[in-house]
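Following: one structure in structure tokens, then a few remarks.
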Amino acid sequence: MAADKPAPVRVLYCGVCGLPAEYCEFGPDFERCKPWLRANAPGVYPDELLASSSSAAADVDKVGERLQGVGISAADGSTSAGDASASKQEEVKRLPGGKVKKKDKQEVVIEKIVRNKRKCVTVVKGLELFGVKLSDASKKLGKKFATGASVVKGPTEKEQIDVQGDISYDIVEFITDTWPDVPESAIFFIEDGRKVPAA
């Protein structure tokens, strides 16, 4: 005997946002969905949730106006302080979850990594922050030191230049001569896990 097949479930989709009705509150604009839900899906949400929130919106606007008068930023990020705060907001980048992305320091970090006891690789990080094209820089480093050099992604997913061999003795002078935009004070070596200025 064949088992009875269950009937397919009928899903009611919102006419405003296109999500299933029970997911509208998580959609892009729940306020616009409320009238449609009241008319077409009255049993999905409690009446208190679907009640008009115009009084709550008015209260938020009043608080925002009071904050404007005091000079504290409102929820939308506008302030009465003016352009200074606007330029500061442009500098700060927000990541998902509200985390703030810090701006990278303009510095070149040179690290010597020893592998297989005798072989070593010199890693150059941070040249791109000074406007240096990494592919051109790796070619110049390879020609100058007569060795292999390549652009690779490092452990932090940022691109860096790997140069075969220990070239740390002459690399600072080469970088400052080849790219005058890179000051010697911005070049650092990593020795024994510590960052040491090259100058």
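Rank these by accessible area, largest first, 1.4 Å probe: ILE113, ILE175, ILE190. Let's see the in-between values first.
Working: ILE113 75, ILE175 0, ILE190 55 Å².
Correct descending sequence by accessible area is ILE113, ILE190, ILE175.
So how strong a dipole does the stretch 114-163 carry about its Cα centre when Lys and Arg Cβ are +1 and Asp and Glu Cβ are -1, to the nearest 20 debye? Walk me through the numbers on the way to the answer.
On the way: 12 positive and 5 negative charges, 72 e Å.
For this selection, approximately 340 debye.
Using a 7 Å offset from the Cα along the Cα-to-Cβ direction at both TYR23 and LYS195, what is the distance between the two label points in nm, to one decimal?
Modelled inter-label distance: 4.4 nm.
Output the pairs from LYS112/LYS139; LYS133/LYS158; LYS105/LYS133; LYS105/LYS195; LYS143/LYS195; LYS117/LYS144 with a Cα-Cα distance over 21 Å in this structure; if there are none, say none.
Details: LYS112/LYS139 19 Å; LYS133/LYS158 14 Å; LYS105/LYS133 18 Å; LYS105/LYS195 14 Å; LYS143/LYS195 27 Å; LYS117/LYS144 25 Å.
Those over the limit are LYS143/LYS195; LYS117/LYS144.
What does the charge count around SER185 come to, taking other residues whose C-beta lies under 15 Å from its C-beta (Lys +1, Arg +1, Asp -1, Glu -1)?
Working: positive: LYS105, LYS195; negative: GLU107, GLU173, ASP181, GLU184.
Summing Lys/Arg as +1 and Asp/Glu as -1 gives -2.
ASP177 to GLN106: extension gain in nm, 0.36 nm per residue of separation minus the Cα-Cα distance?
Details: separation 71, 0.36 × 71 = 25.56 nm, distance 1.77 nm.
Extending this stretch completely gives an extra 23.8 nm.
Just how many % of Cα pairs in the stretch 106-195 lie over 20 Å apart, if you round to the nearest whole percent?
In whole percent, the share of Cα-Cα pairs in the stretch 106-195 beyond 20 Å is 26.
Which value, in Å² rounded to 10, gives the accessible area of GLU111 with a 1.4 Å probe and all protein chains present?
50
The values are calculated or read from the model by the stated rules, or taken from the named source; none is laboratory data. On a predicted model such as this, the values are computed, not experimentally measured, just so you know. Cβ: placed from backbone, ideal geometry, glycine included. Neighbour counts: every protein chain shown. Side chains included, ligands, DNA and RNA excluded: accessible areas come from the protein's heavy atoms. Shrake-Rupley method; radii C 1.70, N 1.55, O 1.52, S 1.80 Å.
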